[in-house]
1. Can you tell me the accessible area per residue over the chain, all protein chains present, probe 1.4 angstrom, in square angstrom?
2. Can you give the % of DSSP beta bridges in the chain that are antiparallel, to the nearest 5?
3. Could you list which residues have their amide H under 5 Å from that of Ser22, counting only those 5 or more apart in sequence or on another chain, with H placed in the peptide plane?
4. Roughly speaking, to the nearest percent, how much of the chain's 1.4 Å accessible area is carbon and sulfur?
5. Figure the gain on full extension for Ser47 and Val143 (residue separation times 0.36 nm, minus the Cα-Cα span) and round it to one decimal in nm.
6. Suppose each label sits 7 Å from its Cα in the direction of the beta carbon; what would the Asn121-Ala73 distance come out to in nanometres?
7. Quick one: angle between helix 2-12 and the longest Cα principal axis of the chain, in degrees between 0 and 90, rounded to 10, please.
8. Considering the Cα trace of region 20-80, what is its radius of gyration and what is Dmax, both in angstroms?
Amino acid sequence: MIALCALSTGIALPFGSAHAQSFTWSGTGSSTATADYQLSTNWSTTSPGAPPILPTQSAIFGSTGSATVTVGAGPMLPDSWTFTANSQSYTVGGNPVGFAVAGPTGGLINRANSGQVITINANINDAFAPGVMVQQLGNSTLVLAGTNGYTGGTLISAARFR
C-alpha cells in the first residue's frame with residue numbers, strides 16, 4: 001500500500017520530487033552569447049537541464065552575455081528570473097512567460113544597481129496558481145512593456161519603475 005501511494009504521488013505531482021536548479025545566462029560553462037533564451041549553451045552548464053523553462057528551474061542574469069534575450073516558442077514556466085546587483089542592462093522580449101512560483105521567491109526579481117535598465121517586453125503571467133509577483137528591489141530602472149497578467153502585485157522598494 002505504501003509503495004502504491006508513493007508511486008501514485010510521483011505520477012500526480014511530477015515536479016514535486018525535483019530539485020531546484022538555477023542557471024546563469026552566459027555563466028560559467030556556457031559557450032555562446034546569442035540572444036536565444038532556449039539555446040542551452042547560453043546558460044551555465046553546472047547541471048543538465050538548461051535552459052530554465054520548467055518549474056523548479058530559475059534564471060539568473062548577471063553582467064555577461066548578450067544584453068538582448070529572445071524567448072522563443074514553447075512552454076515557459078520557470079520559478080523565477082532574477083537580475084543580480086551586478087547585472088548589465090537587459091532587454092527581454094518574445095513569447096510570454098508564466099512563472100511557476102507565486103509570492104516573494106518566484107516571478108521577476110530585479111536587484112540591478114543604479115544606471116542599469118531592465119526592460120521586459122515579454123508578457124508576464126501566473127502559470128499554475130495566482131500570486132506571481134514582480135519585485136523592484138535594486139536601484140535600476142525596470143520597464144514592463146508587455147501585456148501582463150500576473151496577479152501577485154508589484155513591489156517597488158527602490159529606484160524607478162515604468
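1. 47
2. Percent antiparallel among DSSP bridges in the chain is about 5.
3. Distant-sequence amide H within range of Ser22: Ser58.
4. Accessible surface attributable to carbon and sulfur in the chain totals 60 percent.
5. 31.4 nm
6. Simple spin-label model gives 1.9 nm for this pair.
7. The angle comes out near 40 degrees.
8. Answer for region 20-80, Rg first and Dmax second: 10.2, 27 Å.
The values are calculated or read from the model by the stated rules, or taken from the named source; none is laboratory data. Predicted, not measured: the structure shown is a model, and the values here were computed from it. Cβ: placed from backbone, ideal geometry, glycine included. Neighbour counts: every protein chain shown. Accessible surface areas use protein heavy atoms only, side chains included; no ligands, DNA or RNA. Shrake-Rupley method; radii C 1.70, N 1.55, O 1.52, S 1.80 Å.
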